[in-house]
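Some notes on the structure that comes next.
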Amino acid sequence: MKTLTEPITTTRSSAISAEGLRKSYGDKLVLDGIDLTIPEGSVFCLLGPNGSGKTTTVQILSTLIPADAGRALVAGHDVAAEGHAVRKAIGVTGQFSAVDNLLTAEENLLLMADLQHLGRAEGKRRAARLLERFDLTDSARKPVSTFSGGMRRKLDLAMTLVGDPRVIFLDEPTTGLDPRSRRTMWQLIRDLVETDRVTIFLTTQYLEEADQLADRIAVLDGGRLVAEGTAEELKRRVPGGYIRLQFTEPHELDAAARLFDTAERNEAALSLHIPGDGSTPTVRAVLDVLDTASVEARQLTVHTPDLDDVFFALTGRAKSETTEESAA
């Protein structure tokens with residue numbers, strides 16, 4: 001286990017590195033020695049049930065609270081020893097918009113520019129650029145109290161960007177948004193990574209969001225990382241995949257069923273489910289067996305587990321009713 005003073009192994013291309021992070025509130029262990037390495041210019045998603053330690057991880061990495069043990073670097077700076085440098089390099093967008101309803105969109109951005117100690121001219125330039133980028137120019141002089149949920153979230157993210165951060169923590173950024181607004185936010189996040197090479201640390205309750213956005217996903221449960229990888233790598237870790245063969249005639253279904261002992265048949269749908277991982281070799285093997293037996297399927301589809309299956313399979317630990325926030 002690393003201590004707060006031991007050196008950390010990192011590379012210049014890592015936006016975030018952490019080793020052995022631990023945190024307790026009284027006798028409640030919230031983080032139990034987690035390790036992270038997140039490359040620059042990528043989207044990293046942290047998944048986990050309520051109380052698993054997600055919020056605590058973000059709070060430590062963004063210097064809001066100290067770790068009890070372990071060490072972390074964000075944008076090349078130690079979060080414990082160089083907190084001011086870390087805060088200059090990051091932006092944080094919380095679950096709830098931190099906009100001032102009494103101000104206009106432009107005034108909110110100019111306020112952030114003042115807090116960043118930018119000159120008046122530079123502050124106006126950045127505000128105008130961000131209003132245009134987030135399609136808020138026409139609403140720049142309107143009070144935020146008149147904004148829709150999607151517009152408020154866009155403004156909230158724009159305010160985070162006033163300081164030109166290299167790492168952005170997004171805590172459930174699309175909670176409460178309608179599907180169209182959610183997809184708009186997804187595209188804005190993608191653009192930040194692709195155009196600005198910003199690193200995104202994302203927490204979300206929407207597993208589809210993680211699947212769509214994240215380059216890598218980590219699953220946190222009970223204060224420990226129980227899995228990490230790409231979405232496809234995580235999906236391959238859980239069982240439940242199958243190849244579905246659809247037939248036109250009952251005798252074709254009967255013939256195919258005799259070829260695959262472990263298959264599950266559906267008489268009404270004239271279909272056969274063959275357990276498999278959906279890989280190319282597996283599909284090819286199924287087709288070879290059918291071809292050798294001169295059995296023709298009308299349709300073949302591959303079904304693989306989704307992130308919902310991954311989440312439920314990897315976060316099955318019995319949960320206390322006390323969440324990390326209430327423990328804090």
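Where a number appears in this text, it was derived from the coordinates with a stated rule and is not lab data. All values reported here derive from a predicted model rather than from experimental measurement. Positions of Cβ are backbone-derived with ideal geometry, glycine not excepted, and every protein chain shown enters the neighbour counts.
Brief remarks follow.
- More than 31 angstrom apart: percent of Cα pairs within the chain: 45
- Length added when fully stretched, residue 88-residue 289, from 0.36 nm per residue minus Cα-Cα: 66.2 nm
- Sparse packing (at most 16 other Cβ atoms within 10 Å of the Cβ) combined with a DSSP loop state is found for the following trypsin sites (Lys or Arg not before Pro) in the stretch 250-299: 298.
- Charge tally in the Cβ shell below 10 Å around residue 44, where Lys, Arg are +1 and Asp, Glu are -1, residue 44 excluded: -1
- Look at the alpha carbon pairs under 8 Å that are at least 6 residues apart: their mean separation over the length of the stretch 242-304 gives a relative contact order of 51 percent.
- In this Cβ point-charge picture (+1 for Lys and Arg, -1 for Asp and Glu), the chain has a dipole of about 1160 debye about its Cα centre.
- Anisotropy class of the stretch 140-200 from Cα gyration tensor, a/c 1.5 cut: oblate
- Binning the alpha carbon pair distances of the stretch 119-238 at 10 angstrom intervals from zero yields the distribution 11, 39, 31, 13, 5, 0, expressed in whole percent.
- P(r), alpha carbons of the stretch 1-146 - 5 Å bins starting at zero, rounded %: 2, 9, 15, 17, 15, 12, 12, 10, 6, 2, 0
- Cross-link pairs exceeding 21 Å in C-alpha to C-alpha distance, out of 88/142; 28/54; 124/154, comprise 88/142.
- Added length on full extension, which subtracts the Cα-Cα distance from 0.36 nm per residue, residue 296 to residue 267: 8.8 nm
- Taking 113, 18, 256 in turn, the Gaussian network model of the chain (Cα-Cα springs below 10 Å) assigns the largest fluctuation to 256.
- Only one residue of 65, 49, 273 has its Cα farthest out toward the positive end of the dipole of the chain, where Lys and Arg carry +1 and Asp and Glu -1 on Cβ, and that residue is 65.
- Charge context of residue 182, other residues only, Cβ under 12 angstrom, K/R +1, D/E -1: 0
- Distance (nanometres) between label positions extended 7 Å along Cα→Cβ at residue 258 and residue 280: 3.3
- The stretch 243-272 and the stretch 98-176 have Cα centres spaced 57 Å apart.
- For the stretch 242-304, the Kirkwood hydrodynamic radius from C-alpha pairs, put into Stokes-Einstein at 37 °C and a viscosity of 0.692 mPa s, yields a diffusion coefficient of 289 µm² per second.
- Residue 107-residue 78 FRET efficiency (beta carbon distance; Förster radius 41 Å; 0.05 resolution): 0.70
- Separation in nanometres of the label points that stand 7 Å from Cα toward Cβ, at residue 137 and residue 197: 2.8
- In nm, spacing of pseudo-spin labels at residue 248 and residue 114 (7 Å Cα→C-beta vector): 7.5
- Summing Cβ point charges (Lys, Arg +1; Asp, Glu -1) relative to the Cα centre of the stretch 242-304 gives a dipole of roughly 140 debye.
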